[in-house]
1. What's the total number of residues in the range 187-213 that are under 19 Å from the mean Cα position of the chain (by Cα) and either in a loop (DSSP other than H, G, I, E, B) or aliphatic (A, V, I, L, M) (or both)?
2. Scan the range 129-161 for residues that are more than 19 Å from Leu27 (Cα to Cα), not in a strand (DSSP E or B) and not hydrophobic (A, V, I, L, M, F, W, C) and report the count.
3. I'm trying to understand the selection: among the residues of the range 234-248, which are over 18 Å from the mean Cα position of the chain (by Cα) and in contact (Cβ under 8 Å) with a residue 40 or more places away in the chain?
4. If I ask for residues that are touching a Leu at 6+ places or on another chain (Cβ under 7 Å) and closer than 15 Å to Trp28 by Cβ, which ones from the range 94-112 would you list?
5. With the range 23-124 as the region, which strands (runs of 3 or more DSSP E) entirely inside it contain at least 1 residues that are in contact (Cβ under 8 Å) with a residue 60 or more places away in the chain and under 23 Å from Leu167 (Cβ atoms)?
6. Quick one: Ser166 ticks every box in (1) closer than 13 Å to Tyr81 by Cα; (2) among the small types (Gly, Ala, Ser); (3) over 12 Å from the mean Cα position of the chain (by Cα) bar one, so which box is it?
7. Give just the number: which of (1) assigned to a loop (DSSP other than H, G, I, E, B); (2) of a type in the set (Gly, Ala, Ser); (3) modelled with pLDDT under 90 does Ala15 not satisfy?
8. Go through (1) buried (at least 24 other Cβ atoms within 10 Å of the Cβ); (2) farther than 17 Å from Pro69 by Cα one by one and return the number of the condition Asp165 breaks.
Amino acid sequence: MIFRFFLLFCLTVVASVAFSQPVEMLLWPDGAPNDNGIRMPEQEAAAGRVSGVSQSSMYVYLPAGAATPTTAVVICPGGGYVRLAMVHEGHEFARWLNENGMAAIVLKYRMPNGHHEVPLSDAQQALRLVRRHSREWNIAPDRVGIAGFSAGGHLASTAATHFSDSLTRPDFAVLFYPVVSMGATAHAGSRLQLIGESPSPERQREYSNEWRVTAATPPTLLLLSDDDQTVDPLNSSAFYDALKQYRVPAAMYVFPTGGHGWGMRSDFVYHDVWKELVKRWLDELAVKN
């Protein structure tokens, strides 16, 4: 009986380490520098979709037992800048990164609600915080990147092209079926939420991230489906073309089918393929750094 109890205790400890829950941190504990004007409480719908986010936070997943400082990925779930798909484009991706020895930070960023500067300020603050905590979290400060899905891909590509200093520049970007442009190929709902119904040409170009690429833009991996009917694949190809124009290391994988929003869903035909591609790309990037 004593042995059985001891064995059960050991298994419980191992399970709690292997499947530890993330720590949630507020991005702006003393108040954000800007406001999105949302006063209604957050709402969580089916499949973990959260809408009406007015207070940003991040969920920190750290891999157990890493002998050396790890790569870290700040994750921006999608949702058209009106909600966040926190599960299959957030927490599930973070757990997979953990299983592969990487730190993951799921960003619950504030919705713009027409205040274009708000999501980017949250993404930049997340990158700052990860680097400030890099020693205690055993993270390599020069391997802190950003990933995003759909509208979260727009936020990630914005962070990769609008940084102001070394703390806010991601070291790499991974973009899944991203919104990139606010022009002719824009996702109408994301554009409306971010820059409004009748944005000026200047504002439109400011957030058309294919026009913001420079030689300082970090290495980028893009993954999407050719039959995406929600976000035009031309968003990704325009960004890839701009990266190559400036000789930024980049790769783009276009799957023949799958549509939009597959994230970590196992019924996506190329689910295992994209995971292997992402892991290999991140591993090779870590070796180069």
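The values are calculated or read from the model by the stated rules, or taken from the named source; none is laboratory data. Bear in mind the structure is a predicted one, so any value in this text is a computation, not a measurement. Every residue, glycine as well, gets a Cβ built from its backbone with ideal geometry; the counts of neighbours run over all protein chains shown.
1. Final tally of qualifying residues: 6.
2. Result for the range 129-161: 6.
3. Hits for the range 234-248 are Leu234, Ala238.
4. Hits for the range 94-112 are Lys108, Tyr109.
5. On the way: elements: 23-26, 49-51, 57-61, 70-76, 83-85, 103-108.
Filter on the range 23-124 gives 23-26, 57-61, 70-76, 103-108.
6. (1)
7. (1)
8. (1)
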